[in-house]
Amino acid sequence: MRPIRLPEPPSPTIGVPEIFEGGAYSVIRRAVIIGNGYPGSENQSIGLVRALGLYDKHVLYRVTRPRGGINEWLLWLPVSLHQKLDYLIQLIQIYSRGRNYVPLPLENGGGSVGLASVLEADVKQIVTMARQTFEKDGPLLVVASGRDTISVASSIRRLASENVFVIQIQHPRSQLNRFDLVITPRHDFYPLTPQAQEQVPQFLHRWITPREPPDRHVILTLGALHQIDSATLRSTAAAWHDEFAPLPKPLLVVNIGWPTSHCRYGADLAKQLTAYLLNILSSCGTVRISFSSRTPEKVSKIIVKEFADNPKVYIWDGQEPNPHMGHLAWADAFVVTADSVSLISEACSTGKPVYVMGPERCKWKLSDFHKSLRERGVVRPFTGSEDIAESWSYPPLNDMAEAASQVREALAERGWRVRP
């Protein structure tokens, strides 16, 4: 699934400080995004670049891992080593089958993931471009997100620190000074809290990251960054009007993710969710259900079997166009499984009721995330006793705008600014 792309919002008309006037080399006019092929990560980077007014001036590169077969057991390896090992395995397979030698590309995970149209992240190429175009085009903003992008982003900063400003989204676990800024949710620092320390045996403390509290170049958010704001919701509502306006109200959108190491579930949660939805169905005009591409089949099968023939319920089949943006704009309420910080963060940016399914199954830092959301009053647990027609609201989460503002401040400290 490709990351969802949105038009760039109008740039705010703000005055330019005198110290910046006429400084051609101090204006950032372009950006490079280092992605990992996962929409949840890449949308965070795209959202930040968009909030900074550089959406139409960015290039997307990817650090991609080989997929399928034995590769699913090698995700713990550094991505560069994983790519080389996959290349070697392919060569061995070719020779063992007696085929003629054909050179295999290392780009995009050996070409096995269908990303030929996206540039593979090449540190030397990006560094050379940043240096050679600095005089003409000014500094280069580099925004990366996800574990596999850390080595690339940090290398770019190390080799071209005078020409780039590097932002790493999601906690890189150690050596935060490898980046100009790190943007990460507060719950990534949960291991440093007294509650977390009590859960881990003393002899393991030295192996738990992060080991140090956030310093001045760390921007903390409540949830994940994304591309959703009030302007986006208005334009999306217009774009999806013909499909959603005729639907009976209230419209409940159900987003189902996938189990993670910090939030495990299976068929048991699917059965519980099905029972809860049946209980509240009478209070809904329409229910629309979406699965992630990584939702286990044993989960989706149970839900599809129960609701496939229900006239009130629509289940997205995974085919384009993806109705996700339409759902955010037109839904009256949401039910979201507790595993996905990204899906929950997007829903909470609408100010509409958000019910979370299965938060009691979450542990460690994800449990802390849900605790923070409840304390802020932006989510409630889904119990199956709700009346979806009864609405409630809260100040929408605005992590992206706050993060973008702090990025501008950090750039100003360096004597740089994003183009007006």
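May I ask you to rank 251, 119, 220, 60 by accessible area, largest first, using a 1.4 Å probe over the protein chains only?
Ranking 251, 119, 220, 60 by accessible area, largest first, yields 119, 220, 60, 251.
Keeping all protein chains in position, work out how much accessible area residue 385 exposes to a 1.4 Å probe, and write it in Å² to the nearest 10.
Solvent-accessible area, nearest 10 Å²: 100 Å².
Kindly flag which residue pairs out of 57/124; 271/363; 298/371; 271/312; 312/352; 301/371 have an alpha-carbon separation exceeding 23 Å in this structure.
298/371; 301/371
At most 10 other Cβ atoms within 10 Å and a DSSP loop assignment: could you name the trypsin sites (Lys or Arg not before Pro) in the range 167-216 that fit?
216
Restricting to Cα pairs below 8 Å that are 6+ residues apart, what does the relative contact order work out to for the range 202-353? Please round to a whole percent.
35 percent
Determine which aspartates and glutamates satisfy two conditions relative to residue 365: a Cα distance under 13 Å, and not lying fewer than 8 residues away in the same chain.
Within the straight-line limit of under 13 Å, residue 365 reaches these aspartates and glutamates: 188, 339.
Top to bottom by accessible area (1.4 Å), largest first, where do 235, 155 land?
235, 155
Where the centroid of each part is defined by its Cα atoms, how far is the range 374-420 from the range 340-363 in Å?
Cα centroid to Cα centroid, the span is 13 Å.
Taking R0 as 30 Å, what FRET efficiency do you get between residue 159 and residue 405 from their Cβ-Cβ distance, rounded to the nearest 0.05?
Taking R0 as 30 Å, the efficiency between residue 159 and residue 405 is 0.55.
In terms of the Cα gyration tensor, with a ≥ b ≥ c the square roots of its eigenvalues, is the range 177-279 rounded because a/c is under 1.5, prolate because a/b exceeds b/c, or oblate?
oblate
Any chance you could look up the accessible area of residue 378 with a 1.4 Å probe, heavy atoms only, rounded to 10 Å²?
That residue has around 0 Å² of solvent-accessible surface.
On the full set of protein chains, 1.4 Å probe, figure out the accessible area of residue 360 and give it in Å² to the nearest 10.
130 Å²
Suppose accessible area is computed on protein heavy atoms with a 1.4 Å probe; arrange 50, 294, 234 from highest to lowest.
Final ranking, largest accessible area leading: 234, 294, 50.
With labels modelled as points extended 7 Å from the Cα through the Cβ direction, what inter-label distance (nm, one decimal) is found for residue 393 paired with residue 374?
My value for the distance between the label points is 2.6 nm.
The values are calculated or read from the model by the stated rules, or taken from the named source; none is laboratory data. All values reported here derive from a predicted model rather than from experimental measurement. Cβ atoms come from the backbone with ideal geometry, glycine included; neighbour counts cover every protein chain shown. Ligands, DNA and RNA are excluded from the accessible area calculation, which covers all protein heavy atoms including side chains. Shrake-Rupley method; radii C 1.70, N 1.55, O 1.52, S 1.80 Å.
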